[in-house]
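Worksheet: one structure, shown below.
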Amino acid sequence: MKQLILVFFVLFSVAAMSQMRPGMGRNNQIGAPVVPPNKVKKVDWLEESMKDFTSEVKLDDFQAAIIKGYLGDLKAKVDAIMLLDVPNDGKAESIAVERKKFEEQVRSVLNPDQQELFTKYIKKRERR
């Protein structure tokens with residue numbers, strides 16, 4: 001009986017293997033199409049943030065350069081806060097304080113019309 005079961009097992013497994021196309025196995029067999037790995041594009045967080053911010057608040061080049069520096073400083077401060085060995089609530093409070101400082105710095109560079117657009121931009125970002 002065991003021999004009969006073994007014969008059926010071998011026959012069915014050979015039949016199943018004969019229906020496989022090259023490249024369907026576990027390994028990339030000969031003849032299998034070679035799929036290139038996904039190309040991951042590195043995105044500069046600062047550039048992407050500034051592109052969106054510049055268009056929303058309608059910054060000129062001088063303002064954009066100043067605010068880009070402020071944003072880089074903010075990111076460095078937030079990264080330093082995240083490395084601290086304190087509870088997450090303390091980190092969140094520190095980051096909120098730094099963000100408020102950043103917003104005040106940005107407001108000092110903007111004209112009154114842009115300040116209104118900046119307020120709308122912040123509210124829109126907070127909803128996300």
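The values are calculated or read from the model by the stated rules, or taken from the named source; none is laboratory data. A quick note: this is a predicted structure, and the numbers were derived from the prediction, not measured. Cβ sites come from the backbone with ideal geometry, for glycine too, and all protein chains shown count toward neighbours. These accessible areas exclude ligands, DNA and RNA; they are computed on the full protein's heavy atoms, side chains included. Shrake-Rupley method; radii C 1.70, N 1.55, O 1.52, S 1.80 Å.
So which residues in the stretch 80-101 are open to solvent by 70 Å² or more (accessible area, probe 1.4 Å), acidic (D, E) and assigned to a helix (DSSP H, G or I)? Walk me through how you get there before you give the answer.
Keep residues of the stretch 80-101 that are open to solvent by 70 Å² or more (accessible area, probe 1.4 Å), which gives 82-85, 87-89, 93, 97, 99-101.
Subsequent filtering for residues that are acidic (D, E) retains 85, 89, 93.
Scanning the stretch 80-101 gives D89, E93.
Filtering the stretch 108-125 to residues that are among the aliphatic types (A, V, I, L, M) and within 17 Å of L71 (Cα to Cα) leaves V109, L110, I122. Is the stretch 102-110 home to any residue that is at pLDDT below 90, outside any helix (DSSP H, G or I) and open to solvent by less than 90 Å² (accessible area, probe 1.4 Å)? For the stretch 102-110, residues at pLDDT below 90, outside any helix (DSSP H, G or I) and open to solvent by less than 90 Å² (accessible area, probe 1.4 Å): absent.
When the residues of the stretch 54-74 are filtered to those that are more than 15 Å from K101 (Cα to Cα) and in contact with a helix residue (DSSP H, G or I) (Cβ under 6 Å, 6 or more places away or on another chain), the one that is most open to solvent (accessible area, probe 1.4 Å) is E56. Within the stretch 24-47, identify whether any single residue is closer than 22 Å to L117 by Cβ, part of a helix (DSSP H, G or I), at pLDDT 85 or above and not acidic (D, E), and answer yes or no. There is no residue in the stretch 24-47 that is closer than 22 Å to L117 by Cβ, part of a helix (DSSP H, G or I), at pLDDT 85 or above and not acidic (D, E). Exactly one residue out of K51, K77, K120 is assigned to a helix (DSSP H, G or I), at pLDDT below 90, open to solvent by 80 Å² or more (accessible area, probe 1.4 Å) and of a type outside the set (A, V, I, L, M), and it is K51.
Looking across the stretch 81-128, just one residue is under 21 Å from the mean Cα position of the chain (by Cα) and of a type in the set (S, T, Y), and that is Y121.
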